[in-house]
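Q: The following block contains the structure, expressed as structure tokens.
Just so it is clear, none of the values below were taken in a lab; they were calculated from the coordinates. Everything quoted here is computed from the prediction, not taken from an experiment. Backbone-built Cβ (ideal geometry, glycine too); neighbour counts: all protein chains shown.
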Amino acid sequence: MGQVAQQVLRATGLRKAFGALQAVDEVSLTIAPGETYGLLGPNGAGKTTSISMIAGLLKPDAGTIEVDGRTMTPTATAAKAAVGLVPQDLAIYPDLSARENLRFFGRLYGLPKAELTRRLDEVLSVIGLTDRADDRAGEFSGGMKRRLNIGVGMLHGPKLLILDEPTVGVDPQSRNAILDSVEELATEGLAVLYTTHYMEEAERLCDRIAIVDQGRIVAEGTRRELIATIGEQDVVRLTVAGDAAAAAAACERLPAISSADAEDDVVVCLVDGAAAALPQLLAEVAASGASVSGVEVREPDLEDVFLHLTGKALRD
């Protein structure tokens, strides 16, 4: 089987505008079976609009979408049957138990009784709710409700599962349980499209990541490939009192500094050889009129890649 045939999702040249706002601008991506693909970007970057088109909820102004070899449109029933969508808003019934919720949605999907019974146990295991299967969903924590939401989306055995910011608004323990559930999805052989503005989630879960800003994919690749775009450099974060923008401009004039960006009261610099450059770096900040109250040196991560590519922090 060729590479083209192996792609569960092929989206090409997607565009969508709302009035004067170009929400999505030439977005293209592919996802293979068993691959988790992340859309990483701040709120308002166009992630939800992109997945709404991919799921067939929204008609693109331009571009094409194929899911499991079928063209996706808002009326394409067969293509939509191959998609499981887990939205940010919960779509479960609080008065029903976890098992009853799954059984209800399984009937809506038209699953035969024997298959539904089998899938109920499988899904409850993947989302970690087997022990709470017969408890009312309304009694669950926020994280457990979100895991049940994921279970509803994957119940009918879709080829593509879309998760839109599934950890928003939950506590750290629940968030970790949700991420554990998403990691389990690889054993289902699913193609997963995962949107987030949390760098650490993308690094943990995703085989490939697209960095999205202002409706465009500005970079795409594995974590290693994306970090390689800013070279084998150190990241120096200077906490400053004074004009951080002026301090960043002063730092950027040094030959060892490839970029320097002000982020509130922090100056983030990409540096060739931080140990050797640090004394001169501190001197330049002082000369700009700012004072340094904290210094952190570390290897770059996806947040630094985003800042380097867009000139702003990931959570802006």
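Q: Can you give the percent of C-alpha pairs in region 1-142 whose distance is more than 27 Å?
A: Working: 3660 of 10011 pairs.
For region 1-142, the fraction of Cα-Cα distances above 27 Å is 37 percent.
Q: Next up: Helix 172-184 versus the longest principal axis of the chain: what is the Cα-based angle in degrees, 0 to 90, to the nearest 10?
A: That works out to roughly 60 degrees.
Q: Using a 7 Å offset from the Cα along the Cα-to-Cβ direction at both residue 117 and residue 216, what is the distance between the two label points in nm, to one decimal?
A: So the label points at residue 117 and residue 216 sit 5.6 nm apart.
Q: Let me ask something else. Only four residue types carry charge here, +1 at the Cβ of Lys and Arg and -1 at the Cβ of Asp and Glu. Report the dipole size of the chain about the Cα centre in Debye, rounded to the nearest 20.
A: Details: 30 positive and 46 negative charges, 306 e Å.
The dipole of the chain has a size of about 1480 debye.
Q: Separate question: Express the C-alpha Rg of region 154-298 as a ratio against the empirical globular expectation 2.2 N^0.38 Å, rounded to two decimals. If you can, show how the numbers build up before the last one.
A: Numbers: Rg = 19.7 Å, N = 145, 2.2 N^0.38 = 14.6 Å.
Taking the Cα Rg and dividing by 2.2 N^0.38 Å, one obtains 1.35.
Q: Taking the chain, how many lysine pairs are there with alpha carbons less than 25 Å apart, if each pair must be eight or more places apart or span two chains?
A: 18
Q: For the chain, what's the relative contact order in percent, using C-alpha pairs closer than 8 Å and at least 6 residues apart? Walk me through the intermediate numbers first.
A: Working: 640 pairs, mean separation 60.6, N = 316.
Value for the chain: 19 percent.
Q: What FRET efficiency comes out for residue 275 versus residue 207 if R0 is 35 angstrom and r is the Cβ-Cβ distance? Round to the nearest 0.05.
A: Details: r = 34 Å, r/R0 = 0.97.
The computed FRET efficiency comes out at 0.55.
Q: Put +1 on the Cβ of each Lys and Arg and -1 on the Cβ of each Asp and Glu in region 161-316; which of 228, 170, 210 then has its Cα farthest toward the positive end of the dipole?
A: Toward the positive end, the furthest listed residue is 228.
Q: Be a star and scan region 209-227 for residues whose amide nitrogen sits under 20 Å from the point 7 Å along the Cα-to-Cβ vector of residue 28.
A: From region 209-227, the list is 209-222, 226.
Q: Something else now. Take residue 239 and residue 176, extend 7 Å from each Cα along the Cα→Cβ direction, and tell me the distance between the two endpoints in nm.
A: Placing both labels 7 Å beyond Cα along the Cβ direction yields 2.5 nm.
Q: Given a Förster distance of 41 angstrom, what is the FRET efficiency for residue 225 paired with residue 77, based on the Cβ-Cβ distance and rounded to 0.05? Don't jump to the answer; show the numbers that get you there.
A: On the way: r = 37 Å, r/R0 = 0.91.
Step by step, r from the Cβ atoms, then E = 0.65.
Q: Also: Set Lys and Arg Cβ to +1 and Asp and Glu Cβ to -1, take the dipole of the chain about its Cα centre, and tell me which of 287, 297, 150 lies farthest positive.
A: Most positive-ward Cα: 150.
Q: Output needed for region 232-299: three equivalent-ellipsoid semi-axes, defined as square roots of 5 times the C-alpha gyration tensor eigenvalues, in descending order, whole Å. Display every interim value, and only then the final one.
A: Numbers: eigenvalues 54, 27, 22 Å².
Listed largest to smallest, the semi-axes of region 232-299 are 16, 12, 10 Å.
Q: Charges only on Cβ, +1 for Lys and Arg, -1 for Asp and Glu: so what's the dipole of region 191-255 about the Cα centre, in debye to the nearest 20? The partial results should precede the final answer.
A: Numbers: 7 positive and 11 negative charges, 9 e Å.
Once rounded to the nearest 20, the dipole reads 40 debye.
Q: Sticking with this structure for a sec: Considering only DSSP beta bridges whose two residues both sit in region 3-227, what percent are antiparallel, to the nearest 5?
A: Values: 21 of 39 bridges.
Looking only at bridges with both residues in region 3-227, the antiparallel portion is about 55 percent.
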